[in-house]
Structure formats: structure tokens, C-alpha cells
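The values are calculated or read from the model by the stated rules, or taken from the named source; none is laboratory data. Computed from a predicted structure; not experimentally measured. Please note: Cβ atoms are built from the backbone with ideal geometry, for glycine as well, and neighbour counts cover all protein chains shown. Protein only, heavy atoms only, side chains kept; ligands, DNA and RNA dropped before computing areas. Shrake-Rupley method; radii C 1.70, N 1.55, O 1.52, S 1.80 Å.
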Amino acid sequence: MTERIARRGKFVRRLPIVAWLTLVWVMLWGTFDLGTLFFGLVVAVFVATLFPNPTIRTNFAVRPLRVLQLFGYLAWDLVISTLRVSWQAVTQGPGTPAGIVAVTLRTDSDHITAMLANGVSLAPGKFVLQIDRVNRICYVYALGMRAEDAESVRQEVLALERRIVRAVGSDTDLALISGEEG
């Protein structure tokens, strides 16, 4: 009886990937009919069964209001960064100054670091060049940066880290962020 429940749990955990693979199948064929949907479902179940994804354990605590605030911040940053880079391209052309800033992160979570790197690299004008996991250092390339702007770039990255931790971080990550602010 418990074995049947365990198998049912594995099946339920595979449903999102089966749904995603079925959707990809239908989109690749370019037609939405019962035959395409059925064979897409068959292929998706076959792939999900033959190549199961490992279970990833995280200690995330999703806070919906903070996640919405994070998405709003990223959308706003995308607009502002696009305008800033456009202005720099028009006024300074290829001679736009740039620099690389080393930012020491406060959290040690691989997932938070990955989200931070994606968030920084999402908008034009900045991207993560390298991550030193051992020392928790994130090297950020910033377009339009002069020597005196390094600290502001560092503070922007740390503010994004803080927003991400508040949105999905663990209690331990929250304590690290709160300890830095106080």
C-alpha cells in the first residue's frame, strides 16, 4: 500500500514536466489537435519516466507580496537601464566608460546567487562576469561607470540581493541580511 502511495507521489511530482513537454511538443508541431496532443502526452510521459529529474531540496520561503515587489523592481530597472544605456550610446558612442566591480555577497546560497546573477544581467548595462563561490564575490561589469561610481554599483547589487532574500530567502538568509542593515 505504501509503495503505491510513493509511486503516486512520484507521478504527481512529474506532472508539471509532463505538461511542459506536452506543450513544447504541440508548439513544435504547430498544430493543436487531439492527435498531436495525445502523442505529445505519450512522448512526455515516456521522457519523464525514462529520464527522471532529481529532486532539488531548497530552503526557500516564498513570500508572495515580496515576490511581486521584486518583479516590479526588476521591471522598473529594465526600463530605467534601457533608457540609461540608450542615452549613453547616443551621447558617448563607443567611448562610453565601463568598469568591473567586485561585490562581496552576504548570503551563501547557490540559489540566491544564481537569482542575483540573473537579476543583475537581466537589464542592459550590467552583467555578472564571474562568481567566486568560495569567497562569495560576484564580479559585475557595468557600462557607463567611472571610478567614483563603483560604490553605487556595489550598493545596487547588494540591494537586489536584499530584495531577493526578502522574496524567497530562508530564515538564515534573512538573519544575515537583517544583521547587515542594523
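Key figures for this structure:
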quantity	calculated
Solvent exposure of the chain as accessible area per residue, Å², 1.4 Å probe	66 Å²
Amide H within-cut-off set for Ala61, under 5 Å, with H built and near neighbours excluded	Gly169, Ser170
Gaussian network model of the chain, Cα within-10 Å springs - most flexible of Val140, Val90, Val101	Val90
Acute angle (nearest 10 degrees) that the helix 171-181 long axis makes with the longest principal axis of the chain, alpha-carbon atoms	10 degrees
Nearest 10 degrees, 0 to 90: helix 110-122 Cα axis against the chain principal axis	60 degrees
Gyration tensor (alpha-carbon) shape descriptor, segment 18-74, a/c threshold 1.5	oblate
Extension gain (nm, one decimal) between Glu148 and Gln130, 0.36 nm per residue minus Cα-Cα	4.3 nm
Cα-centred dipole magnitude for segment 77-182, charges only on beta-carbon of K, R (+1) and D, E (-1), debye, nearest 20	280 debye
Rounded if a/c under 1.5, otherwise prolate or oblate - segment 30-182, Cα gyration tensor axes	oblate
Long-range amide H partners of Ala98 with built H, under 5 Å	Gly144, Met145
Debye, to nearest 20: dipole size of the chain, +1 on Lys, Arg Cβ, -1 on Asp, Glu Cβ	720 debye
Accessible carbon and sulfur surface of segment 81-162 relative to its total accessible area, %, 1.4 Å	58 percent
